[in-house]
Amino acid sequence: AERTISHVSVRLPVPTSPEDQVRFPLVAKGGCYEWRVLNTSLLLLEPINDPPPQAHCSSVVQLVPAESVGVASTKVLAIDGDETLVCDVFLAPLRSLHVLTTTRTIVVDDLHVLNAQAFDDAGNVFTGLPGLRLKW
């Protein structure tokens, strides 16, 4: 099977409190991987054992940025034998948030899908916001 990683580059917001923690899933296919981050002070890795857990490897890991690291970057490695897949991870404080809708008018009691798109100071879009709580 071909070995692939879901993202070769990810931009994630740095949390300002434990409640603002983003948990971004990174998936590696074609093997069972040992996960490593080059700078553990910037990013934590939480393995997700799916399918059934094996003590030494996983195909999915959650990337969890550390609090208050500012603008920084590191690499996440997915290692299976002599094969290594790499994901560059860029971290930055969240500067602005845009709510995207398919319509300009929202009717009370109707179901609407809202999407949030977040940006850093340089106007870069974050890859995802899974786990981030938003107050409406």
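The values are calculated or read from the model by the stated rules, or taken from the named source; none is laboratory data. The shown structure was predicted, so the numbers you read here are calculated from the model rather than taken from an experiment. Every residue, glycine as well, gets a Cβ built from its backbone with ideal geometry; the counts of neighbours run over all protein chains shown. Protein only, heavy atoms only, side chains kept; ligands, DNA and RNA dropped before computing areas. Shrake-Rupley method; radii C 1.70, N 1.55, O 1.52, S 1.80 Å.
Here are the numbers for the structure shown:
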quantity: Residue within the range 35-54 that is touching a residue at least 12 places away in the same chain (Cβ under 8 Å) and in contact with an Asp or Glu (Cβ under 8 Å, 6 or more places away or on another chain) present; calculated: no
quantity: Enumeration of residues in the range 91-113 that are surrounded by 10 or more Cβ atoms within 10 Å (Cβ to Cβ) and under 22 Å from Arg23 (Cβ atoms); calculated: Leu91, Ala92, Pro93, Leu94, Arg95, Ser96, Leu97, His98, Val99
quantity: Residue count, the range 23-59 (criterion: modelled with pLDDT of 90 or more and either under 18 Å from Ala72 (Cα atoms) or open to solvent by 90 Å² or more (accessible area, probe 1.4 Å) (or both)); calculated: 13
quantity: Options Ala118, Ala122; residue that is closer than 22 Å to Ser9 by Cβ, of a type in the set (Gly, Ala, Ser) and assigned to a strand (DSSP E or B); calculated: Ala118
